[in-house]
Amino acid sequence: MNGAFLEEFRNRELVQGLAKQIVRLAEGRETPLTFMEVCGTHTMSIYQYGIRSLLPDGVRLISGPGCPVCVTPVGYVDKAVAYARQPNTIIATFGDMLRVPGSSSSLMQERARGADIRIVYSPLDALALAGKDPEKRVIFLGVGFETTAPTIAGTILSAASRGRDNFFVLAAHKTIPIPMSILSDDPELAIDGYLCPAHVSTIIGAEAYRFLAEEHKVPCVVTGFEPADILQGVEMLVRQVVEGRSTVENQYRRFVLPEGNTKAKELLSRVFVPSDAAWRGLGVIPGSGLAIAPEFARFDAEKVLPVTVEEPREPEGCCCGEVLKGKIAPINCPLFGTACTPEQPVGACMVSSEGSCAAAYKYGQ
Amino acid sequence: MQITSRDGESIIAEIDGVSREASLMMLGEEVQVGDYVLIHAGFAISRLDEEEALETLALMRECLELSQSPT
């Protein structure tokens with residue numbers, strides 16, 4: 001037996017048993033149930049394992065704003081492009097930012113024109129680049145949710161303790177619970193429950209969703225991303241609806257504690273302060289972002305090295321914003337699979353492997 | 001991923017023959033070689049609780065049995 005239980009949580013028999021239970025529980029309901037996930041890894045997993053095909057017609061899964069690169073607005077890409085054009089500058093980034101189109105260029109295009117752009121696996125690698133090349137300034141593109149933000153916080157603390165003065169972060173970190181509450185109040189979406197993210201919840205904890213269940217009356221289940229996890233998460237959501245409850249349940253107890261990861265939360269509160277954040281598709285949401293705290297302002301690219309950029313322009317015809325709100329499925333975008341493909345992406349949702357459009361294109365509907 | 005070695009705040013973890021270095025800055029608990037951890041962007045973010053994993057699997061098996069019963 002694999003100690004990580006991967007095979008067990010992918011076991012076909014268990015998956016089918018859970019699917020049957022969902023069918024039984026949802027039987028006879030007049031209105032279909034709509035559950036949203038807000039985690040790029042869930043999006044990929046649901047497509048990859050064909051989870052929708054296992055569910056009855058009365059249970060619908062939709063994807064929300066869970067792909068970190070996708071929710072990053074065009075204006076951010078424009079700033080990254082502006083930094084990439086500056087002399088003596090290395091841009092360090094996670095790989096999937098490279099091809100996200102800005103208003104008139106992308107990092108990929110800038111690299112073709114000679115900009116020094118390095119793909120890193122960890123922000124610590126970006127800090128190491130700054131150590132190796134002290135004559136240059138290294139700007140790390142800090143995008144991502146509560147899972148990634150503490151890794152940036154830890155890296156900034158390391159930079160501070162080493163006295164590194166050529167390392168900067170262009171920070172656009174986002175926190176997921178507030179957008180979830182906005183979407184759960186949208187009558188057009190009529191969300192019956194949330195599959196709460198796996199990795200984000202290891203940090204913020206299952207209790208972070210309590211206000212959604214209690215004040216917004218939307219059932220929440222923190223769910224892992226193996227196929228049996230997702231089906232059990234759906235089964236728990238259907239059960240809550242059928243029993244008329246809205247509470248927070250934790251399917252992913254093997255990795256997620258009610259209070260989350262205390263050390264990671266401490267890193268977050270030391271290095272970041274809550275801020276308003278601009279989301280693609282959702283606009284500016286008060287209190288839904290993390291800005292670098294004044295104490296660490298010397299690492300904040302926007303404070304130390306301000307740039308001005310053109311008025312951001314969304315790509316014409318791109319429905320990424322509607323896809324991120326769960327209002328349309330990728331296939332309902334007129335550009336999907338024709339003008340917009342993973343090879344020639346128009347919008348961010350087709351670029352990132354965690355984007356709904358990229359997953360729908362790769363694995364089919 | 002399973003931890004194969006530890007050196008202070010830094011670990012090497014492995015899955016399917018791929019190994020990665022990760023920081024333990026976010027795990028306060030005593031993490032040991034042999035433990036399974038989730039790794040994100042070069043940091044170990046959570047350790048697998050095997051007892052909870054077994055309980056979750058037991059619930060899934062119960063569900064399977066229920067689904068095979070006639071009513």
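The values are calculated or read from the model by the stated rules, or taken from the named source; none is laboratory data. This one's a predicted model, so the numbers in the text were calculated from it and none came from an experiment. A quick note on method: Cβ atoms are made from the backbone with ideal geometry, for glycine too, and the neighbour counts reach across all protein chains shown.
Things to note:
- Tally of residues being under 25 Å from A:I91 (Cβ atoms) and without any contact (Cβ under 8 Å) to a residue 40 or more places away in the chain across the stretch A:251-272: 0
- Among residues of the stretch A:198-209 being of a type outside the set (G, A, S) and either within 12 Å of chain B (Cβ to nearest Cβ) or closer than 12 Å to A:R253 by Cα (or both), the one that is surrounded by the fewest Cβ atoms within 10 Å (Cβ to Cβ) is A:H199.
- Some residue of the stretch A:150-158 being more than 12 Å from chain B (Cβ to nearest Cβ), buried (at least 22 other Cβ atoms within 10 Å of the Cβ) and either of a type in the set (A, V, I, L, M, F, W, C) or part of a strand (DSSP E or B) (or both): no
- When residues of the stretch A:5-27 are limited to those that are touching a residue at least 24 places away in the same chain (Cβ under 8 Å) and in a loop (DSSP other than H, G, I, E, B), the one nearest to the other protein chains (Cβ to nearest Cβ): A:F5
- Which listed residue, of A:V242, A:V222, A:V271, A:V256, is in the same structural domain as A:V74 (by TED's automatic domain parsing), more than 23 Å from B:Y36 (Cα to Cα) and either surrounded by 19 or more Cβ atoms within 10 Å (Cβ to Cβ) or within 18 Å of the chain's Cα centre (by Cα) (or both): A:V271
Table: residues versus (1) crowded, with 22+ Cβ neighbours inside 10 Å; (2) assigned by TED's automatic domain parsing to the domain that holds A:S181.
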| residue | (1), (2) |
| --- | --- |
| A:P306 | no, yes |
| A:V309 | no, yes |
| A:I328 | no, no |
| A:I331 | no, no |
| A:P334 | no, no |
| A:G337 | no, no |
| A:V346 | yes, no |
| A:V351 | yes, no |
| A:C357 | yes, no |
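Conditions (1) over 27 Å from A:K325 (Cβ atoms); (2) among the polar types (S, T, N, Q), marked per residue:
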residue	(1), (2)
A:Y47	no, no
A:I51	no, no
A:V59	no, no
A:P73	no, no
A:P87	yes, no
A:S106	no, yes
A:A115	yes, no
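- Selected residue (only one of B:V37, B:V31 is more than 7 Å from chain A (Cβ to nearest Cβ) and surrounded by 21 or more Cβ atoms within 10 Å (Cβ to Cβ)): B:V37
- No other residue among A:F255, A:F296 is in a loop (DSSP other than H, G, I, E, B) and either within 14 Å of chain B (Cβ to nearest Cβ) or farther than 25 Å from A:V323 by Cα (or both) apart from A:F255.
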